[in-house]
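Engineer: Can you read through this structure? Questions will come right after.
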Amino acid sequence: MHTAITISGFAFLCCALVVAPVDARGFYAAQITPTNVERIPDGGLDAIGGLGDWFMTNGRLCAIVSDKTHATYLALHGGALVDLWHCDRANDQWSTAHTQLNLQKEEIPPTAELTAGYSAQQAWIETRGDLEGLHTRVRFTLGGAATDALSVTTTVTRQGQGKALGMFGAIVLHPRASLRPYSIDTTDPAYSLGFEQPDVDTADRASILSSIGSTNLQVLLGSPGHR
């Protein structure tokens, strides 16, 4: 019997690539190749996606997920969201987001496969990977009424023997304060941290655990110069 943990409802609000005219032809998702790279709008100075990575758009937001063969910050493999911007503003300030097991950098599931598709209502990219008997599927979706939001749904399923899963999360990197976090607890505002974020040593598990609070809404603010 499979045991599945589904975490849904993550939404990244959008606050290098070949320079190209803005393309707003609606929903589209595919791996980037020499034949389609020209349809990708300029992401700005912080954009890092390129040939071989995976692109998606709803005509308003643009996003890139790194290919499985591309090392991405904390991992020697890809499958991570690396770029997110308004297609007509070249305002990407996103760094990366990794799925992480047990708060360990060594337990970022290696990506085995990426797929993509689109219709008249949505565009999506999905990554799949396995680690310690756990199958992880992450689906990035642009669609629905929220034209300025990228929805991310992660499903973790136990399919075999392996190390116990104690904790699961998505780690969002914003080095050198490229994005400023603002934390809110919508159920008990007294626990909201706002901009007063704790210092964390990411190499120290105890430090990471001590920084965890009851915040259920995390807002990442970009530079006011990028709109």
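Engineer: Near the amide H of C87, under 5 Å away, which other amide H atoms are found, from residues 5 or more places off or on another chain, if H is placed in the peptide plane?
Structural biologist: L61, C62
Engineer: From zero outward in steps of 10 Å, how is the percent of C-alpha pairs of the stretch 40-102 spread across the bins?
Structural biologist: 25, 53, 20, 2
Engineer: Right, something else. I need to check one value: relative contact order of the stretch 64-121, counting alpha carbon pairs closer than 8 Å and at least 6 residues apart, in percent.
Structural biologist: Over the stretch 64-121, the number comes to 29 percent.
Engineer: Using just the Cα positions, wrap the stretch 112-223 in a convex hull and report its mean projected area in square nanometres, one decimal place.
Structural biologist: That works out to 9.9 nm².
Every number here is computed from the coordinates shown, using simple stated rules; none is lab data. None of these values were measured; they are calculated from a predicted model.
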